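Undergrad: Okay, handing you the structure first.
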Amino acid sequence: MRLFVGVTDDQWFHFLAARPDWTEVNFWRPSGKGFHALTEGELFLFKLHAPHHFIVGGGFFTRALLLPLGLAWETFGEANGVRHLPEMRRRIARYRRQPEETLGNPDITCLMLAEPFFLPREAWVPTPPSFKTNIVTGKGYDTATGEGRWLFDAVTERLGDGARPEERPATAAAVDTPRFGAPRIVRPRLGQGAFRALVTEAYARRCAVTGEKTLPVLEAAHVQPYAEGGPHDVSNGLLLRSDLHRLYDQGYVTVDPDERRLLVSRRIREEFHNGRHYYDLEGRPVAGPQRGFAPVSRERLLYHAEHVYRG
C-alpha cells in the first residue's frame with residue numbers, strides 16, 4: 001500500500017477543518033494534469049505550506065478526474081474548500097497566473113477523497129526528513145517500510161477515536177491494522193459528489209438514453225434509490241438528461257433489466273395527456289459505461305422495474 005503527502009493550500013485546509021463533518025472533499029489542482037500516485041482506498045495526507053512542516057489531515061483516495069471548473073463546483077460545492085464559485089475562480093486564476101476574465105471554464109484536476117479527517121493542532125504529525133522544503137506538489141511513500149510505515153502508524157494512531165466501521169470503513173480498516181502488519185485497503189464509501197462525478201465520467205458526459213452532450217442538463221441518477229438502500233456507486237448509476245432523470249425517479253420510465261432498453265409508462269399519457277416525445281424513446285437501447293467502470297447490475301435494474309416503475 002502506498003500513501004501520498006500532498007501540499008495543500010492553507011486556506012483550503014482551514015476552511016474545511018472549521019466544519020470537520022464532511023463525508024468527502026475535492027482536493028483540486030488548477031493545472032488540469034493527471035494523477036497516478038494512488039489507487040482507490042489508499043491514504044492521501046495533507047501537508048501545510050512552509051513554514052508549517054506538518055501533516056494536518058487527509059482522506060482516502062477515490063479517483064482523479066479532470067472536470068470543468070463549473071462542474072467541479074456544482075458537484076462538490078463548499079467541499080471544494082471555498083465559499084462560492086467566484087472565490088474558486090479567483091484562486092485558480094491566481095495559481096495559473098492568468099487574468100480571471102480570460103479563464104473561461106477550464107478543466108482542473110479533481111482528487112476526490114472520501115472519509116476526510118482534520119487533525120487538531122496538538123495532533124499534527126511532523127513531516128519526515130525526506131520531505132524536502134522544495135517539494136511543491138507532494139511525495140509518495142511505501143507503507144511497507146521506513147518513513148512510509150512511520151507516517152501510516154502515526155496518522156492511524158491519531159484516528160483511533162473517529163473510526164466508525166458502518167460509516168467510515170476505510171478509516172476503520174486502517175486503524176485496525178496491526179502495529180507490524182500490512183495495511184489493509186478497504187474501499188471507502190463514496191459521497192454524493194463523487195457519485196455524480198464518476199457517473200458523468202463513466203458515461204463519457206452523454207445521456208445513456210438520448211446521447212445528449214450538453215453538460216448542464218445531465219444528471220447522475222440512482223437506479224435503486226439511495227433512500228431505499230441503493231449506494232453511491234457507478235454500478236448503481238445512470239447518466240440521464242434532467243427531464244428523464246425526474247421521470248426515472250418518479251417511476252414513469254425504467255430500463256428493461258434483460259434487454260437494457262427504455263420502457264415508458266402509459267401513465268404519462270393518462271395523467272398528463274401528452275408525452276409523445278417520450279413515447280418516441282420507447283425501446284431505445286440504454287448505453288453502458290466506458291471501459292474501466294462497472295455496468296449497472298441486473299439486480300439494481302430489476303429493483304427499479306419492480307419497486308419504482310409504474311407501468
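Undergrad: Would you point out which residue out of 186, 223 is in contact with a His (Cβ under 7 Å, 6 or more places away or on another chain), among the hydrophobic types (A, V, I, L, M, F, W, C) and not assigned by TED's automatic domain parsing to the domain that holds residue 158?
TA: Checking each option against the conditions leaves just 223.
Undergrad: Here's another thing I want to ask about it. Would you mind telling me which numbered condition in (1) surrounded by 19 or more Cβ atoms within 10 Å (Cβ to Cβ); (2) touching a helix residue (DSSP H, G or I) at 6+ places or on another chain (Cβ under 9 Å); (3) not in a strand (DSSP E or B) residue 3 fails?
TA: Failed condition: (3).
Undergrad: Only one of (1) free of Cβ contacts under 8 Å to residues at least 40 places away in the same chain; (2) under 26 Å from residue 214 (Cβ atoms) fails for residue 76. Which number is that?
TA: In the conditions (1) free of Cβ contacts under 8 Å to residues at least 40 places away in the same chain; (2) under 26 Å from residue 214 (Cβ atoms), residue 76 misses (1) alone.
Undergrad: Answer yes or no as to whether residue 50 is part of a strand (DSSP E or B) and surrounded by fewer than 22 Cβ atoms within 10 Å (Cβ to Cβ).
TA: Criteria not met by residue 50.
Undergrad: If we keep just the residues of region 119-146 that are touching a residue at least 40 places away in the same chain (Cβ under 8 Å) and outside any loop (DSSP other than H, G, I, E, B), which is nearest to residue 30 (Cα to Cα)?
TA: Once the filter is applied, the top-ranked residue is 138.
Undergrad: Just to be sure, is residue 253 in contact with a strand residue (DSSP E or B) (Cβ under 6 Å, 6 or more places away or on another chain) and of a type in the set (Val, Ile, Thr)?
TA: Yes.
Undergrad: Right, something else. Of all residues in region 89-118, which are touching a residue at least 12 places away in the same chain (Cβ under 8 Å) and among the polar types (S, T, N, Q)?
TA: Answer for region 89-118, where residues must be touching a residue at least 12 places away in the same chain (Cβ under 8 Å) and among the polar types (S, T, N, Q): 105, 109.
Conditions tested, residue by residue: (1) more than 28 Å from residue 116 (Cα to Cα); (2) within 19 Å of the chain's Cα centre (by Cα); (3) in a loop (DSSP other than H, G, I, E, B).
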{"site": "181", "(1), (2), (3)": "no, no, yes"}
{"site": "197", "(1), (2), (3)": "no, yes, no"}
{"site": "207", "(1), (2), (3)": "yes, no, yes"}
{"site": "210", "(1), (2), (3)": "yes, no, yes"}
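Undergrad: When you go through (1) within 29 Å of residue 143 (Cα to Cα); (2) in a helix (DSSP H, G or I); (3) in contact with a strand residue (DSSP E or B) (Cβ under 8 Å, 6 or more places away or on another chain) one by one for residue 60, which number turns out not to apply?
TA: (2)
Undergrad: So which residues in region 234-245 are of a type in the set (D, E, K, R) and farther than 18 Å from residue 273 by Cα, if there are any at all?
TA: Within region 234-245, just 241 meets the criteria.
Undergrad: Can you list the helices (runs of 4 or more DSSP H) lying wholly within region 212-311 that have 3 or more residues being in contact (Cβ under 8 Å) with a residue 60 or more places away in the chain and within 30 Å of residue 67 (Cβ to Cβ)?
TA: 298-307
The values are calculated or read from the model by the stated rules, or taken from the named source; none is laboratory data. These numbers come from a predicted model, not from an experiment. Quick reminder, even Gly has a Cβ in these numbers, built from the backbone with ideal geometry, and neighbours come from all protein chains shown.
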